[in-house]
Amino acid sequence: MKAGTNLEKVLESGQFAVTAEAGPPKGTNPDVIRKRGELLRSGCDAVNITDNQTAIVRMSSLAGCILLKQMGVEPVMQMVVRDRNRLALQSDVLGGVAFGIGNFLCLSGDHQKFGNHPTARGVFDIDSIQLIQMLKKMRDEKKFLGGDDISGEAPLFIGAAENPFADPFEYRVHRLAKKIKAGVDFIQTQAVYDVARFAQWMKMVTEMGLDKQVHILAGVIPIKSAGMARYMKSSVPGVSVPDSIVTRMAGTKNAKEEGVNIILEIIGQIRQIPGVHGVHIMAVGWEEIVPDIVGRAGLLPRPKL
């Protein structure tokens, strides 16, 4: 398939990609997105706009992506199957493409019981793998899921998330293979702190040849405090934080600087692991640190393709 989005071109050219994440506001002010887009512009190849992350109501991912696109920052539109059925999902894809959005990330979504509307009804009309299949059908066959023709092109670069750390560990690589079979082009992983375990997963990925079929971007989340490190270790499902990181954060006088140092070390180690094609920096609420991390990691300037 001919390279389309900037992110796709960077990955297809074999360069180490950098993506980041911006959380939309719990309100209507577009300047929140614009400010975050400006902070992330120079350090990233594309910026994810989350879709009601942690099941808390926010400005829509579609609106946030349009705002980024208007300021010349490439968006990745996240889509969760928790909130919308197949009609609404396909409708949002068409709207995104009409505004020049080409990167889409297919997700299940955090369960609504964790958010601010715990009694909301989950939709889950299709699952995240079926969402990948649906987008592939829209792109490759120019057809809706129901079989009708789409008028116009739908040049989609299809992404998904993957958690290398969840149990059963041996199953994770087979779940990735399912997503590749469904048609995914790139993967952004759950946050990596346990680099040894991530390397073990990547070894399984490369042994199956999956790294040749999909672009894998390793997720990283900068830690601001010892409390955050302890919370990530104990309360965030699917995140594996080694005791050594908690100890380091607890024993430092400058927690934010130590948190950045830890992430820089992790990025350095990730870059040495065969089959990793990039890094996805999730510093939601701390977007201003991203250019510093990318620069100190030796990943600037970003390629212009």
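Any read-out appearing in this document is the output of simple, stated calculations on the displayed coordinates, not a laboratory observation. Bear in mind the structure is a predicted one, so any value in this text is a computation, not a measurement. Don't worry about glycine lacking a Cβ; one is built from the backbone with ideal geometry, like all the others, and counts go over all protein chains shown.
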I'd like the full set of residues that are buried (at least 22 other Cβ atoms within 10 Å of the Cβ), touching a residue at least 60 places away in the same chain (Cβ under 8 Å) and over 15 Å from the mean Cα position of the chain (by Cα), limited to the stretch 32-54.
ARG36, GLY43
Looking only at residues that are farther than 19 Å from THR189 by Cβ and touching a residue at least 24 places away in the same chain (Cβ under 8 Å) in the stretch 15-31, which one is surrounded by the most Cβ atoms within 10 Å (Cβ to Cβ)?
PRO24
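For the stretch 232-266, enumerate the residues that are of a type in the set (S, T, N, Q) and within 19 Å of ILE289 (Cβ to Cβ).
Of everything in the stretch 232-266, those that are of a type in the set (S, T, N, Q) and within 19 Å of ILE289 (Cβ to Cβ) turn out to be THR252, ASN254, ASN261.
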Return the residues of the stretch 106-143 that are assigned to a loop (DSSP other than H, G, I, E, B), of a type in the set (A, V, I, L, M, F, W, C) and touching a helix residue (DSSP H, G or I) at 6+ places or on another chain (Cβ under 6 Å); say none if nothing qualifies.
ALA120, ILE126
Pick from LEU135, LEU105, LEU89: which is crowded, with 20+ Cβ neighbours inside 10 Å, touching a strand residue (DSSP E or B) at 6+ places or on another chain (Cβ under 8 Å) and in contact (Cβ under 8 Å) with a residue 60 or more places away in the chain?
LEU105
Hits in the stretch 108-119 (condition: on the phi < 0 side of the Ramachandran plot and crowded, with 16+ Cβ neighbours inside 10 Å)
SER108, ASP110, GLN112, GLY115
Please find, within the stretch 120-132, the residue that is farthest from VAL80 (Cα to Cα) out of those that are surrounded by fewer than 19 Cβ atoms within 10 Å (Cβ to Cβ) and touching a residue at least 24 places away in the same chain (Cβ under 8 Å).
ALA120
